[in-house]
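No lab work stands behind these numbers, since they all come straight from the coordinates. No experiment lies behind these values; they were computed from the predicted model shown. Cβ: placed from backbone, ideal geometry, glycine included. Neighbour counts: every protein chain shown.
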Amino acid sequence: MDQPSVYGGQTREGALGMSGTHGLEGPVEPASPDPGYFDESYYETNGQLGDRPALRFYVRLVQRYGAAGPYFDFGCGTGHLLRRLSVLGPASGFEISEFSAARARETAPGCTVATSMDDIPDNSIRTLTAVHVVEHVDDATADRIIEVWRRALLPGGRLLVVTPDLGGRAHKMLGESWDGFSDPTHINLKSHGQWRRFFADRGLEVVVEGSDGMWNPPYADGARMWEGARFSVPAFVQFLAGRLLVPPGSGESSIFVLESR
Ligand SMILES: C[S@@+](CC[C@H](N)C(=O)[O-])C[C@H]1O[C@@H](n2cnc3c(N)ncnc32)[C@H](O)[C@@H]1O
């Protein structure tokens with residue numbers, strides 16, 4: 001019997017019918033993907049076209065560790081986290097993909113979704129989320145994005161950033177078949193420590209950090225249910241608790257709560 005995933009959202013094998021960047025022969029220049037790539041079939045394939053349980057968990061983290069509204073979802077995809085944030089207070093978003101921006105406006109009616117970073121106002125956001133976005137951009141683009149985050153955040157504003165952990169337990173156990181490699185637009189995979197330094201060097205200090213845990217079995221041979229119990233219990237407990245309990249490096253993705261210095 002398949003065990004329901006706590007987080008949902010990504011498939012393990014060749015999500016886009018292409019090999020991941022790690023599987024290509026020879027050196028690959030990371031380059032931020034064409035915005036048009038993030039279309040309906042992209043989200044259908046990665047399971048993020050609709051709502052998913054993980055987004056409920058991220059909203060609970062925002063409530064616990066964030067700095068209240070106005071809220072902003074950067075790289076808001078199809079808008080389901082944005083819609084959930086809009087229940088808490090004023091919320092808006094940004095998308096590089098026109099398809100995603102249009103879909104997010106439908107999903108979260110009344111929320112502004114910008115498609116140019118110049119349209120994100122200065123000193124306007126208290127809590128910014130960026131869930132599974134930074135792995136899609138090269139370092140130079142991430143630099144520009146962080147500059148925008150810093151100018152848009154109000155003093156004391158906070159960020160919730162989630163991104164696959166290249167040094168995490170899931171990658172260590174699964175190797176080449178790890179989900180982080182299943183999306184060819186994952187051009188910027190780093191370990192938790194590398195992202196931590198990257199953010200710190202750009203003026204974003206860690207307030208709280210953790211991992212989403214081992215929510216996506218199987219991780220070893222054997223019955224899927226047994227593996228679920230063995231590896232996924234901490235992720236499930238954390239999900240129910242709505243707080244970061246699983247330490248960095250012990251799962252699929254890194255979770256950072258950051259504050260602009
Ligand atoms: C894996 S999806 C995640 C979407 C959404 N945050 C979620 O968790 O459902 C990655 C998103 O990053 C967006 N993205 C890619 N490059 C971006 C950039 N340079 N700036 C903002 N968003 C970007 C894509 O359009 C896509 O919606």
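Over the C-alpha atoms of the chain, what are the Rg and the largest Cα-to-Cα span, Dmax, in Å?
Computed over the Cα atoms of the chain, radius of gyration and Dmax are 17.3, 53 Å.
Run the dipole for the chain about the Cα centre, Lys and Arg Cβ at +1, Asp and Glu Cβ at -1, nothing else charged, and hand back the magnitude in debye, nearest 20. Write out the running numbers ahead of the final one.
Numbers: 24 positive and 33 negative charges, 266 e Å.
Magnitude of the dipole: close to 1280 debye.
Can you tell which of 148, 41, 88 lies farthest toward the positive end of the dipole of the chain, using +1 and -1 charges on the Cβ of basic and acidic side chains (Lys, Arg; Asp, Glu)?
So the residue furthest toward the plus end is 88.
Using Cβ counts within 10 Å as a stand-in for footprinting exposure, how do 37, 43 rank, fewest first?
Numbers: 37 16, 43 19.
Fewest to most other Cβ atoms nearby, the residues stand as 37, 43.
Sort 110-121, 249-260, 51-62 by packing, meaning the average of other beta carbons within 10 Å per residue, with the highest value first.
Values: 110-121: 14.8, 249-260: 23.5, 51-62: 19.8.
Taking the mean over residues of other Cβ atoms within 10 Å, the ranking is 249-260, 51-62, 110-121.
Name the residue from 189, 242, 125 whose Cα lies farthest towards the positive end of the charge dipole of the chain, charges +1 on Cβ of Lys and Arg and -1 on Cβ of Asp and Glu.
242
Using per-residue counts of other Cβ atoms within 10 Å, averaged over each peptide, order 205-217, 187-199 from highest down. Before the final figure, lay out the partial values.
On the way: 205-217: 21.9, 187-199: 19.3.
Listed from highest to lowest mean packing, they are 205-217, 187-199.
What does the highest-first list of 138-146, 67-75, 175-183 look like by mean Cβ count within 10 Å? Present the calculation step by step, with values, prior to reporting the outcome.
Values: 138-146: 15.7, 67-75: 22.8, 175-183: 18.1.
Output ranking for 138-146, 67-75, 175-183: 67-75, 175-183, 138-146.
So how compact is the stretch 112-247: Cα radius of gyration and Dmax in angstrom?
In order Rg, Dmax, the Cα atoms of the stretch 112-247 give 16.9, 53 Å.
How many percent of DSSP beta bridges within the chain run antiparallel, rounded to 5?
Working: 14 of 30 bridges.
Bridges in the chain that DSSP calls antiparallel: roughly 45 percent.
Tabulate in residue order the Karplus-calculated ³J(HN,Hα) for the stretch 110-127, using 6.51 cos²θ - 1.76 cosθ + 1.60 with θ = phi - 60°, rounded to whole Hz; enter x for Gly and Pro.
Along the stretch 110-127, the couplings run x, 8, 6, 10, 7, 10, 10, 5, 5, 8, 8, x, 5, 6, 10, 10, 9, 9 Hz.
Using Cα-Cα distances under 8 Å and only pairs 6 or more residues apart, what relative contact order does the chain have, in percent?
Details: 551 pairs, mean separation 58.3, N = 261.
Averaging sequence separation for qualifying contacts and normalising by length gives 22 percent for the chain.
Return the sequence-ordered ³J(HN,Hα) values of the stretch 141-148 in whole Hz as given by the Karplus equation 6.51 cos²θ - 1.76 cosθ + 1.60 applied to θ = phi - 60°, using x for Gly and Pro.
5, 4, 4, 5, 5, 5, 4, 5
Show me, for the stretch 64-79, the HN-Hα J-couplings you get by feeding each phi into the Karplus relation (A = 6.51, B = -1.76, C = 1.60, θ = phi - 60°), rounded to Hz, glycine and proline as x.
7, 10, x, 10, 6, x, x, 9, 8, 9, 8, x, 6, x, 7, x
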